[in-house]
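Quick note: the coordinates plus some simple rules give every number you see, no bench work behind them. Every value quoted in this text rests on a predicted model; they were computed, and no experiment measured them. Note that each Cβ is placed from the backbone with ideal geometry, even for glycine, and that neighbours are counted across all protein chains shown.
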Amino acid sequence: MQCLNCGGAFEWAGNGQYARCTRCLALFGNENGQLTPIVVQAPGGGNNPEFNAMFAQNLGFGPPPPQHNLGAGTFDAGGGQQLQVKINGKTPEGYLKDKASSMIWGWIIGAVIIGLLVLGGIGLAGYIYYQAKSPGGGAQTGAAATWDGKSTFECKGNDVVALTGVKANVSGTAIKASANCQLTLTGVDITAAVGIEASASAKVTMTGGSITATTNSVVATAAAKVDCVGTKVTGKSKASGAAKVTGAN
Ligand SMILES: [Zn+2]
């Protein structure tokens, strides 16, 4: 049999005549297995756990189980049941507050650690990005690029790019270098109408390889500089403004 109120276990008194729930302390009379709730009214009315305990003692029960009888801190179990509860020497409210504050501190510390990890990750990513983007940065000088050799390759902005061993055949202009870009070509063979078109402050250095151009091998404008070293050049080069072309006629 279980408590009709809370399903708690019973303790018995009066040769099985009376049952008391060990959980909620409800009292029941037992007649041939039929439980009848015993409603205890304290003198002056209302529910009084101490009077309930006295009443139960008169029926033959011992003192209420200790978890309900620790003094200090009143716990309302609902239904007017006033229980006296203490957990680890604290009132239930105090206990929950302490528990909650240690949990909150746990969360705060966890959040700070995660925050540091995230910041560390962002910092590292930023450092890598800076290394990749900064002019003269280690990762950037001569960064190897890929070129399919079928369409115009463009080097622009502050790009610092290296192409190696590409055999290109482009109908228009093979390579366009603009702005401050620095392009290094090594062992690249270009067949195109215009081999290299360099503008602004672009700097192209070609070592070995070949340019076979039907219109111009190199067209350099503004302050661009194109140097061909040991390159087999077919087709006329053209320089205007302060642009300079070496190694190609
Ligand atoms: Zn119960």
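Here the Kirkwood formula puts the hydrodynamic radius of segment 143-246 at 12.7 Å, using every distinct Cα pair.
Just to verify a number: FRET efficiency for residue 122 and residue 242, C-beta to C-beta distance, R0 = 35 Å, to 0.05? Walk me through the numbers before you get to the answer.
Working: r = 43 Å, r/R0 = 1.23.
For residue 122 and residue 242, the calculated efficiency is 0.25.
In terms of the mean number of neighbouring beta-carbon atoms within 10 Å, the peptides 172-182, 16-26 order highest first as 172-182, 16-26. Taking 0.36 nm per residue of sequence separation and removing the Cα-Cα distance, the residue 229/residue 50 pair yields an extension gain of 53.9 nm.
Checking the Cα-Cα distances for 156/236; 167/238; 156/225; 150/244; 156/203 against a 19 Å cut-off, the pairs over it are 156/236; 167/238; 150/244. Distant-in-sequence amide contacts of residue 160, defined by a placed amide H-H separation under 5 Å and a gap of 5 or more residues or a different chain, comprise 182.
Extension gain, residue 148 to residue 9, is 41.9 nm, computed as 0.36 nm per intervening residue step minus the present C-alpha separation. Put simply, when 52-59, 28-35, 116-123 are sorted by average Cβ atoms within 10 angstrom per residue, most first, you get 52-59, 28-35, 116-123. Taking amide H as placed 1.01 Å from N in the peptide plane, residue 198 has its amide H under 5 Å from the amide H of 177, 219, 220, 221, each at least 5 places away in sequence or on another chain.
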